[in-house]
Amino acid sequence: MSWRRVVAVVAATVVPLAAQDARDRLAGRVPPSTLIVLDSILQDAAREGLPTEPLIQKALEGGAKGIDADRIVAAVGASATQLRSARALLASAGESRPGDPSEVTAVAAALSRGVSPQLVGRLTAVLPGEPTGPALHAVADLVGHGFPEDSSVDLMVEAARLGLRGLRFLDVAAAVVQQLQRGHSRSAALAEVRALLPHVPPPPRPAPTAVSHARRVAPTPARP
Amino acid sequence: MNSQRVLPTGDREVSDSEVVARVLAGDAEAFGLIIRRYEGGLLRYATRMLGYPDAAADAVAEGLVRAYRHLASCRDPARLKSWLYRIVGNRCRSHLSRRSASDLSLEDAPPLPDPSDTEAEAERAEQMALVERALHTLSPEKREAFLLKHVEGLSYEEMAEATGERIPTLKMRVHRARAALLELLEEYP
Amino acid sequence: MTHIDPQVHRVLDGELPADALTAAQREQLAALQRAAQVLSDLPRASVASRVMAEVRRPAPGVGRRLTHWLTERHTISISVRPVWSLALAAVLAAVAVIPGHEPAPVLGDQEGIAQFVGRFPGAKSVEVVGSFTDWQSGAIVLRDDNHDGIWRGTVVLPVGQHEYMFVVDGERWVADPLAGRYVDDGFGRENALLFVRPVAR
């Protein structure tokens with residue numbers, strides 16, 4: 001048996017197994033009338049190489065919140081569209097691994113918070129081959145506090161050029177918001193934090209008592 | 001423009017960069033040099049911005065403590081002056097945002113000339129009162145721009161570093177501040 | 001507003017010499033220079049002693065530093081003879097345990113801590129439901145031990161992005177007001193968005 005046939009056989013086995021696992025997770029959690037349509041959406045997404053976990057989560061969420069069947073299906077379909085758009089943006093921005101599931105999920109979430117699609121390209125340019133999701137969320141944080149999108153992206157681009165990566169972008173946004181809360185104007189808040197770069201303070205580490213009191217979440221069904 | 005300041009200390013002048021290096025190397029007492037070098041101008045600036053000497057002292061003290069704690073983030077010690085004005089300027093803005101900037105406490109207003117003062121001193125006191133009143137009719141942005149340019153002697157480049165604003169914006173504010181001040185001062189011969 | 005000749009501005013900006021001005025222009029120049037001169041008096045007050053008191057504030061003492069070291073997580077690499085290793089491990093474990101508490105959970109590299117706090121006076125139950133519970137109830141139940149209406153809980157979660165809501169009294173879904181970051185849930189409400197970081201950075 002050639003290796004290509006082995007791959008095809010494995011793929012033909014893995015996808016149905018993943019689909020069966022999704023059906024098992026959704027059974028009893030969403031209106032029965034949605035199962036066939038949701039299954040179809042999930043299989044299409046899997047064939048396109050989109051991450052399916054966000055879609056399963058959206059369906060479970062709708063079921064938990066007591067949402068009508070039609071609205072659950074619509075929301076899961078909309079989520080699939082968002083993931084599709086996010087991956088296309090990453091690919092057109094020249095991202096070397098546009099299909100990375102966590103990056104596609106993070107970018108889709110940031111776009112759903114209102115971040116402009118063209119920002120993906122600006123941030124990918126200064127973060128080649130690295131996750132842009134956190135930086136996009138940091139921009140969304142600032143826009144949510146009334147900062148202009150362009151100025152917010154400029155700050156993140158500067159932060160990236162000075163070596164900040166990953167969740168540190170969120171620290172940059174948090175520092176700006178903190179300056180705003182202290183009474184500074186928005187332009188002054190941005191300037192103050194720009195002057196601090198790259199030495200923006202990280203969030204305080206959890207106190208030892210917090211760690212000692214932490215409990216693990218009760219077991220949930222295993223994810224694919 | 002590099003306007004690094006030096007202060008004679010004994011037989012040798014110590015530059016801002018040297019003082020910063022000493023503080024960062026662990027010589028906390030050396031920060032006293034920075035305070036002595038800049039607190040006068042910073043207090044003057046903050047007092048003119050806020051109108052209350054006590055509030056100005058708070059803003060400058062808070063700003064200098066912050067500068068000490070974040071001294072490592074001063075990217076160019078040769079531009080320490082504009083960096084300090086930025087920090088204190090932010091403290092002033094924070095104070096201003098908590099109250100109406102046009103208020104000027106009568107207790108803090110320059111004293112009325114005493115009849116026993118010399119004529120020159122009396123005239124100077126009247127001029128001070130007039131100019132300070134005129135200054136406080138300006139918006140905080142114009143007031144700041146005029147003070148940094150004409151009282152604290154910063155260049156436009158240094159002002160840009162201190163405020164985070166672009167030079168054309170600062171020039172416009174300074175020009176408008178001059179015009180507004182002149183109009184007010186011309187009302188009183 | 002009084003008009004100031006552009007030439008006057010250029011002189012004041014250092015771009016032209018003053019003798020380039022007419023007599024009338026020099027009057028405007030002089031008035032502004034007088035105003036700046038009046039404002040240039042240095043105040044007599046000083047903040048030096050106040051600032052240096054803060055600068056000289058001593059660093060935490062040896063006792064505080066030692067307590068901090070004992071309760072912080074550390075990576076310790078020690079080469080010991082096998083016969084001593086068990087005894088040493090027991091000593092280190094005894095030092096690391098915080099007296100009076102259960103042993104802290106051992107967190108993996110891809111795990112962090114999330115602390116949830118919500119003010120729901122009068123509530124009988126408050127739980128957290130989200131992507132980290134597969135949107136199931138009963139997995140994360142907050143506690144109001146002081147009966148002051150403030151419900152709290154600390155949970156070990158996987159590193160990364162999560163969405164969640166509070167569920168009050170088993171039926172009222174509420175976006176965490178302290179989350180600071182929200183995303184449309186697609187059902188007409190908003191989920192709180194949480195980013196969990198690894199504790200061992």
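All of the numbers you see were taken from the coordinates with simple rules; none came from a lab. From a predicted model like this one, the values you see are computed outputs, not experimental measurements. With ideal geometry, Cβ positions are generated from the backbone for all residues, glycine too; neighbour counts draw on all protein chains shown.
For all pairs of alpha-carbon atoms in the range B:15-88, what percent lies in each bin of width 10 Å, listed from the first bin to the last filled one?
Final binned percentages: 21, 54, 22, 3.
Rounding to the nearest 20 debye, state how big the charge dipole of the range C:1-57 is about its Cα centre with +1 on each Lys and Arg Cβ and -1 on each Asp and Glu Cβ. Walk me through the intermediate numbers first.
Numbers: 7 positive and 7 negative charges, 113 e Å.
Rounded to the nearest 20 debye, it is 540 debye.
Taking the alpha-carbon centroid of each part, what is the distance from the range B:125-188 to the range B:10-51 in angstrom?
Value for the Cα centre distance between the two parts: 24 Å.
Run the Debye formula on the Cα coordinates of the range C:111-196, all scatterers equal and no solvent, and tell me log10 I(q)/I(0) at q = 0.17 1/Å.
Taking Cα atoms of the range C:111-196 as identical point scatterers yields -0.64.
Can you give me the distance in nm between label points at residue A:24 and residue A:178, each placed 7 Å from the Cα along the Cα-to-Cβ direction?
4.6
Would you grab the residues whose amide H sits under 5 Å from the one on residue C:185? Only those 5+ places off in sequence or on another chain, please, with H modelled 1.01 Å from N.
Here C:190, C:191 satisfy the definition.
So which lysines pass the test for residue B:142, namely a Cα distance under 25 Å, with those fewer than 8 places away in the same chain ruled out?
Output for residue B:142: B:81, B:171.
Loop-only GluC sites (Glu not before Pro) in the range C:119-201, please: DSSP not H, G, I, E or B, and at most 16 other Cβ atoms within 10 Å. Mind dumping the intermediate values first?
Values: sites: C:127, C:163, C:171, C:190; in loops: C:171.
Those satisfying the criteria are C:171.
Restricting attention to the range B:155-189, which trypsin sites (Lys or Arg not before Pro) occupy a DSSP loop and are surrounded by at most 12 other Cβ atoms within 10 Å? Could the numbers behind the result be given before it?
Values: sites: B:166, B:171, B:173, B:176, B:178; in loops: B:166.
Those that pass, being in a loop and sparsely packed, are B:166.
Assuming a ≥ b ≥ c are the square roots of the Cα gyration tensor eigenvalues, decide whether the range C:104-158 counts as rounded (a/c under 1.5), prolate (otherwise, with a/b larger than b/c) or oblate.
oblate
Just to check, using Stokes-Einstein with a Kirkwood Rh over alpha carbon pairs, what's the diffusion coefficient of the range C:1-53 at 37 °C and 0.692 mPa s in µm²/s?
Values: Rh = 13.4 Å.
The Stokes-Einstein estimate is 245 µm²/s.
Can you give the mean number of other chain Cβ atoms that lie within 10 Å of the Cβ atoms in peptide B:35-43? Numbers along the way, then the final one.
Values: counts 8, 2, 0, 0, 7, 6, 3, 2, 6.
Across the residues of B:35-43, the mean count of other-chain Cβ atoms within 10 Å is 4.
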